[in-house]
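J.: Below you will find the structure I want to go over with you.
Only the coordinates and a few stated rules stand behind these numbers; no lab work does. All values reported here derive from a predicted model rather than from experimental measurement. Here the Cβ is made from the backbone with ideal geometry for all residues, glycine too, and neighbour counts use every protein chain on show.
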Amino acid sequence: MPSAVLIPVVGGLRRVTFGTLEEMQALVGGYVEVLRVAHPSGALLFCNEDGKRLRLRPNPRASLVAALPAGQYIVGDAFVSGSANSHGDETDVPADVAAWLFRLWPGGAER
C-alpha cells in the first residue's frame with residue numbers, strides 16, 4: 001500500500017497509507033482530483049473534486065504545495081503521494097517530498 005502525507009484543513013500533517021480508490025476517497029471526503037505538486041519530484045496531490053461545490057473549507061497548506069494557476073486554491077483535506085509507476089499505480093510519497101512538507105509545517109506525525 002502506498003504511503004502519503006495527509007494535509008488536513010485542521011491539525012498537523014501525518015503519514016497515511018491507501019490501497020484502493022475507496023480509501024483515497026475517504027482521505028479527501030469524496031471524489032478524487034489529481035494535481036501536480038510544485039516540486040521537481042513529480043509527486044501528486046489528491047483533493048476533493050467537488051470540494052468547492054460542497055463548500056469545504058479552504059486548505060492554504062495544500063494550495064501552497066499544488067502547482068495551481070494564479071487565483072486557484074484547494075479546499076478540504078488533501079494528500080501527497082508519489083507519481084504513478086509504469087503500471088499506472090500510485091507510489092509512495094518520495095522521502096524528500098515528505099521531509100519538505102514536514103519542514104514547512106513541523107509538529108505533525110512524521111512517522
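J.: Through the Karplus equation 6.51 cos²θ - 1.76 cosθ + 1.60, θ set to phi - 60°, convert the phi angles of the range 91-96 into ³J(HN,Hα) values in whole Hz; use x for Gly and Pro.
T.: 10, 4, 4, x, 4, 5
J.: While we're on this one: Just want to confirm a number: the relative contact order over the range 3-104, from Cα pairs under 8 angstrom separated by 6+ residues, in percent.
T.: Computed value for the range 3-104: 31 percent relative contact order.
J.: Could you work out how far the C-alpha centroid of the range 78-110 sits from that of the range 1-39, in angstrom?
T.: About 9 Å separates the Cα centre of the range 78-110 from the one of the range 1-39.
J.: Return the percentage of antiparallel bridges among DSSP beta bridges fully within the chain, rounded to the nearest 5 %.
T.: Values: 18 of 19 bridges.
Of those bridges, close to 95 percent are antiparallel.
J.: Name the shape class, rounded, prolate or oblate, that the alpha-carbon gyration tensor gives for the range 43-111, where a ≥ b ≥ c are the square roots of its eigenvalues, rounded holds for a/c under 1.5, and otherwise prolate holds if a/b is larger than b/c and oblate otherwise.
T.: Details: a/c = 1.93, a/b = 1.25, b/c = 1.54.
Since a/c reaches 1.5 but b/c is at least a/b, the shape of the range 43-111 is classed as oblate.
J.: Can you give me the long-range amide H partners of Glu49? Hydrogens built in the peptide plane at 1.01 Å from N, cutoff under 5 Å, separation of 5 or more residues or another chain.
T.: Tyr31, Val32, Glu33
J.: Could I ask something else about it? Mind giving me the nanometre distance, one decimal, between the label points for Glu23 and Thr91, set 7 Å out from Cα along Cα→Cβ?
T.: Taking the simple label geometry, Glu23 and Thr91 are separated by 1.8 nm.
J.: Indicate the gyration tensor shape class of the range 3-69 (rounded, prolate or oblate), computed on the Cα atoms with a ≥ b ≥ c the square roots of the eigenvalues: a/c under 1.5 is rounded; otherwise a/b larger than b/c is prolate and the rest oblate.
T.: On the way: a/c = 1.30, a/b = 1.05, b/c = 1.24.
Since a/c stays below 1.5, the shape of the range 3-69 is classed as rounded.
J.: Give me, ordered by chain and number, the residues 5 or more places off Ser3 or on other chains with an amide H under 5 Å from its own placed amide H.
T.: Hits under the 5 Å cutoff: Asp92, Val93.
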